[in-house]
Amino acid sequence: MKITPFHPWNLTPKEAIEIQKKLSARIIRENHVKTVGYVAGADMAVSKNPPLAYAGVVVLSFPDLQIVETQQTVLKLTFPYIPGLLAFRESPALLKTFEKLRHEPDLVMIDGQGLAHPRGFGIACHIGLWLDKPTIGCAKSRLLGDHRQPGLKRGSWTPLAGNQGEVIGAVVRTKDKTNPVYVSVGHKIDLPTAIRYTLDCACGYRIPEPTRQADIFVEQVKRGGLRS
């Protein structure tokens with residue numbers, strides 16, 4: 001895949017925050033998803049000693065959600081763990097992994113936030129902008145915002161509201177009577193379409209299949225079960 005860089009990675013936290021503020025204006029919130037033949041899920045695991053990032057991208061066919069390709073990257077972590085700046089810690093390894101793909105995805109799903117972020121520029125926005133691909137942020141926990149609980153049935157959802165009451169995402173029930181996931185726009189997609197594809201990719205589990213398979217994959221890489 002072709003990657004378009006927007007900045008270097010050797011940044012201070014203060015510089016990283018300013019980049020988020022600047023690049024948030026580039027995020028496209030309208031739907032650019034057309035026909036989806038491949039959907040990619042991305043996730044990362046880390047180790048503390050030594051401090052390494054184990055990034056994995058899994059490409060699945062759509063709508064049958066069969067794995068067609070996996071790629072991995074292991075890199076030394078250079079940016080500290082700071083809430084709200086996850087992209088600067090994880091994106092270098094993830095983007096290197098996307099560059100290796102032979103099957104170019106039509107839609108990307110990231111285990112993390114998109115617009116549901118203090119500066120409206122979570123890791124799903126960051127990755128989506130560099131890839132120039134429709135991208136969904138699908139997180140397991142809430143970073144910010146207020147919401148009502150959705151109904152207990154699969155497919156139920158409620159808006160996630162930001163500090164000013166604006167809709168920044170959705171709280172989506174992907175499985176009956178199971179904790180919801182937090183869906184937000186990453187890039188080149190609108191929220192209703194992001195919700196629809198999240199549900200289309202959730203087949204019997206709380207976590208949608210692209211990011212669920214990516215999570216399984218990176219844990220295997222971290223344990224040393226897979227090699228480049």
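Cβ contacts < 6 Å: first residue polar (S, T, N, Q), restricted to the stretch 103-128; second residue in a loop (DSSP other than H, G, I, E, B), any location; separation 6+ or different chain. Result?
Q113/G122; Q113/L143
Within the stretch 36-54, count every residue that is in a loop (DSSP other than H, G, I, E, B), in contact with a strand residue (DSSP E or B) (Cβ under 8 Å, 6 or more places away or on another chain) and under 30 Å from P13 (Cβ atoms).
2
Checking L77 against (1) aliphatic (A, V, I, L, M); (2) modelled with pLDDT under 95; (3) under 14 Å from the mean Cα position of the chain (by Cα), which single condition isn't satisfied?
(3)
Filter the stretch 177-206 for residues that are over 22 Å from G37 (Cβ atoms), part of a loop (DSSP other than H, G, I, E, B) and either in contact with a strand residue (DSSP E or B) (Cβ under 8 Å, 6 or more places away or on another chain) or among the aliphatic types (A, V, I, L, M) (or both) and give the result.
P180, R206
Does I3 qualify as being exposed (fewer than 14 other Cβ atoms within 10 Å of the Cβ), in contact with a Phe, Trp or Tyr (Cβ under 8 Å, 6 or more places away or on another chain) and aliphatic (A, V, I, L, M)?
Answer is yes for this residue.
Going through T174, T135 one at a time, which residue ends up being surrounded by 17 or more Cβ atoms within 10 Å (Cβ to Cβ), within 28 Å of P5 (Cα to Cα) and in contact with a helix residue (DSSP H, G or I) (Cβ under 9 Å, 6 or more places away or on another chain)?
From the options T174, T135, the qualifying one is T135.
Do you know which residues across the stretch 192-228 are hydrophobic (A, V, I, L, M, F, W, C) and touching a Gly at 6+ places or on another chain (Cβ under 7 Å)?
Scanning the stretch 192-228 gives L199, A214, F217, V218, V221.
Filter the stretch 177-205 down to residues that are among the hydroxyl-bearing types (S, T, Y) and surrounded by fewer than 17 Cβ atoms within 10 Å (Cβ to Cβ), then give me how many there are.
2
So which of Q220, Q213 ends up being modelled with pLDDT of 95 or more, outside any loop (DSSP other than H, G, I, E, B) and under 26 Å from A55 (Cβ atoms)?
None of the others qualify; the one that does is Q213.
Quick check on the stretch 4-47: of everything there that is of a type outside the set (A, V, I, L, M) and touching a Pro at 6+ places or on another chain (Cβ under 7 Å), which residue is nearest to D190 (Cα to Cα)?
It comes out as H32.
Quick one: which residue in V57, V33, V74 is touching a residue at least 60 places away in the same chain (Cβ under 8 Å), touching a Ser or Thr at 6+ places or on another chain (Cβ under 9 Å) and assigned to a loop (DSSP other than H, G, I, E, B)?
After ruling out the rest, the residue left standing is V33.
Among (1) at pLDDT 95 or above; (2) in a loop (DSSP other than H, G, I, E, B); (3) farther than 24 Å from F88 by Cα; (4) not small (G, A, S), which single condition is K133 missing?
Unmet for K133, out of (1) at pLDDT 95 or above; (2) in a loop (DSSP other than H, G, I, E, B); (3) farther than 24 Å from F88 by Cα; (4) not small (G, A, S): (3).
Tell me which of these L86 doesn't satisfy, since it passes every other one: (1) within 15 Å of I136 (Cβ to Cβ); (2) surrounded by 14 or more Cβ atoms within 10 Å (Cβ to Cβ); (3) not polar (S, T, N, Q).
(1)
In the stretch 35-48, what residues are within 19 Å of the chain's Cα centre (by Cα) and surrounded by fewer than 16 Cβ atoms within 10 Å (Cβ to Cβ)?
The answer is G37, and nothing else.
The values are calculated or read from the model by the stated rules, or taken from the named source; none is laboratory data. Just so it is clear, the model here is predicted, and its values are computed rather than measured. Neighbour counts are summed over all protein chains in view; Cβ atoms, including those assigned to glycine, are modelled from backbone coordinates with ideal geometry.
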